[in-house]
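So the structure is just underneath, and the comments pick up after that.
What follows is calculated from the coordinates using simple rules that are stated; it is not laboratory data. Predicted, not measured: the structure shown is a model, and the values here were computed from it. Every residue, glycine among them, receives a Cβ derived from its backbone with ideal geometry; neighbour counts consider all protein chains shown.
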């Protein structure tokens, strides 16, 4: 029995030894393969850092305001008897908007006019009698004063009637109606917003350091998130004579023709003031910039120094300047002629092997005009 146990143990040990040998052989092969394994290169597209002539510009954020804008309100209290406009309509100067009840004033006016007419007739009789010295000059003077007072009373009533006939003070586009027929309005109660949209102003501020290059007549380009890819052209028409004592910034106003009325009062916009001079900058596509909390960087494409050869991507930190279209200027970190990765950089690390394929990469432009989707 003891002999059988020993034989069984020997057999089991031999089996384990065989399995261990096979596993050791497999692991040895895997280690050998890992030593000779190389990561396949990543396919990317590239661009060359080139010097370009860019127009000098100043950028700011601003807002659009109407050349003329007002909330039309009732000057005197009254009841609405007629509404002569529709919300959003375009009106001309003097167009009737709202008429308030003037029946009481109309009756008072008739009485005042009758009183004035009677006083005028009485004055005419006194003037004829005065020619014959039947009445004194003081009686004539009293009649003349009474006539003027009665005429003034009638004019005051006419003024109240006119104030209850509310008209557009200037041409423009109306907003949403805020009153209803038959409503009793208090004085200064808003009726409707009226904005003149042709032209409009762009209001913005710039630091005091820019004062030496600012002047009226400079071209201003405006863009808004409401109209992606579209720019509106205007010019600087006013520069505030004093600076803000808190921010030390100067306020400016640009005028835009706005013939299509796309720019609306209150709209947030980005302003770009075009200066007369040009500047030479080193530019790369904006897609080549890898932004991170610790700084911006690009991947520079270089020839590998190892025995396998090929191309590798080296991460290079840069300081960027202002953007223009699809490009961004590089202040430091690159030199003209450096080739950088323009797409596919998010799958790279420093020293990654790369293969360049520029066939499917879109072309960058300083004046991009993407198609409407």
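Structural remarks
- Taking the alpha carbon gyration tensor of the chain, multiplying each eigenvalue by 5 and rooting it gives semi-axes of 88, 31, 16 Å, largest first.
- Note on the range 63-91 and the range 210-257: Cα centroid distance 29 Å, given to the nearest whole angstrom.
- Helical mean residue ellipticity (222 nm; -39500 (n - 2.57) per DSSP H run of 4+; nearest 500) of the chain: -9000 deg cm²/dmol
- Take every Cα pair under 8 Å whose residues are at least 6 apart in sequence, average their separation, divide by the length of the chain, and the relative contact order is 25 percent.
- Whole-number percent relative contact order across the range 102-163, with pairs defined as alpha carbons under 8 Å at least 6 apart: 52 percent
- Peptide packing for 78-88, 286-296 was compared via the average number of neighbouring C-beta atoms within 10 Å per residue; ordered from the highest value, the list is 78-88, 286-296.
- In this calculation the C-beta distance from residue 245 to residue 203 is compared with R0 = 22 Å, giving a FRET efficiency of 0.75.
- Alpha carbon centroid spacing (whole Å) that separates the range 113-149 from the range 264-329: 91 Å
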